[in-house]
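Q: Mind having a look at this structure? Questions to follow.
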Amino acid sequence: MSTVKRTWVVNGERWTVDLPPGRRLLDALRNDLGLKGTKEGCGEGECGACTVLLNGEPVTSCLIAAGQVPDGAEIMTVEGLEKTEGGRILQEAYIERGAAQCGFCIPGMIMSSFALLSKTRTPDDAEIREAHAGNICRCTGYEKIIEAVKLAANRWPEK
Ligand code: FES
Ligand code: FES
């Protein structure tokens, strides 16, 4: 079975992977790169647990064929958050507002938060809800998550 080689920048580091046919981006990140923070919930694009940023845009990595992610692509997973000031701010805000309970949804949820605040530092409620519409949380309730995003927005660093 032939593989395809790809070189990506993941969380600021260069990685080269050999991908068998049909390998999902989610599996490449978790199994080939050992970045287990990204979770698999539904595996069908419905829950958002597998959300990562691909060139700054949130994507459901369970639906993306890894071989179709081109060389040089920039990928950010939840492990990359602590390398950024905004990511650290978001993590603290989620904790302060009690936005994480079981935590299963959080790796995907917080990546959607990061993508939103990277684009706009002053999102309104509707924009926050829209940005997280693809992320399902079964236990915290969305109000605390929205509050956490608002708190992080207030602390978001100037560019
Ligand atoms: S695991 Fe990808 S959207 Fe649910
Ligand atoms: S914190 Fe449990 S699913 Fe969201």
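Q: Taking the dipole about the Cα centre of segment 34-112, with the C-beta of Lys and Arg at +1 and of Asp and Glu at -1, give me whichever of 73, 95, 84 is farthest to the positive side.
A: Working it through, the farthest residue towards the positive pole turns out to be 95.
Q: Also: Evaluate 2.2 N^0.38 Å with N set to the residue count of the chain, then give the Cα radius of gyration divided by it. Could the numbers behind the result be given before it?
A: Values: Rg = 15.4 Å, N = 159, 2.2 N^0.38 = 15.1 Å.
Cα Rg divided by the expected 2.2 N^0.38 Å: 1.02.
Q: Go ahead and run the numbers for FRET between residue 126 and residue 154, Cβ-Cβ distance against an R0 of 25 Å, rounding to 0.05. Could you put the intermediate results ahead of the total?
A: Values: r = 18 Å, r/R0 = 0.71.
So the FRET efficiency works out to roughly 0.90.
Q: What does the net charge come to around residue 81 if you take all other residues with beta carbon closer than 12 Å to its beta carbon, with K and R at +1 and D and E at -1? Spell out each step's value before the answer.
A: On the way: positive: 83, 88; negative: 79, 82, 85, 92.
Its environment carries a net charge of -2.
Q: Projecting each Cα onto the charge dipole of segment 80-155 (Lys/Arg +1, Asp/Glu -1 at the beta carbon, about the Cα centre), which of 142, 153, 106 comes out farthest on the positive side?
A: 106
Q: Can you give the relative contact order of the chain as a percent, counting alpha carbon pairs under 8 Å and 6+ residues apart? The partial results should precede the final answer.
A: Details: 287 pairs, mean separation 37.0, N = 159.
Answer for the chain is 23 percent.
Q: Could you name the lysines in cross-link range of residue 144, using Cα to Cα under 23 Å and dropping any fewer than eight places away on the same chain?
A: Once the sequence-local lysines are set aside, what remains near residue 144 is 39, 119.
Q: A further question follows. Ordering 15, 8, 156 by accessible area with a probe of 1.4 Å, largest first, what comes out? The partial results should precede the final answer.
A: Values: 15 80, 8 0, 156 25 Å².
The ordering from most to least exposed comes out as 15, 156, 8.
Q: To test your reading of the geometry: what angle, between 0 and 90 degrees and rounded to tens, separates the Cα axis of helix 106-119 from the longest principal axis of the chain?
A: 80
Q: Still on this model: Just add up the charged neighbours of residue 157: K/R +1, D/E -1, any other residue whose Cβ is under 15 Å from the Cβ of residue 157. Write down the numbers at each step before the final one.
A: Working: positive: 83, 88, 119, 121, 155, 159; negative: 82, 85, 92, 158.
Here the charged neighbours net out to +2.
Q: Report, to the nearest 10°, how far helix 142-155 tilts away from the longest principal axis of the Cα atoms in the chain, using its own Cα long axis and a range of 0 to 90°.
A: With rounding to tens, the tilt is 90 degrees.
The values are calculated or read from the model by the stated rules, or taken from the named source; none is laboratory data. Only a predicted model underlies this, so the values are computations on that prediction, with no experimental measurement involved. Neighbour counts run over all protein chains shown; Cβ positions are idealised from the backbone, glycine included. These area figures cover heavy atoms from the full protein model, side chains too; ligands, DNA and RNA do not enter into them. Shrake-Rupley method; radii C 1.70, N 1.55, O 1.52, S 1.80 Å.
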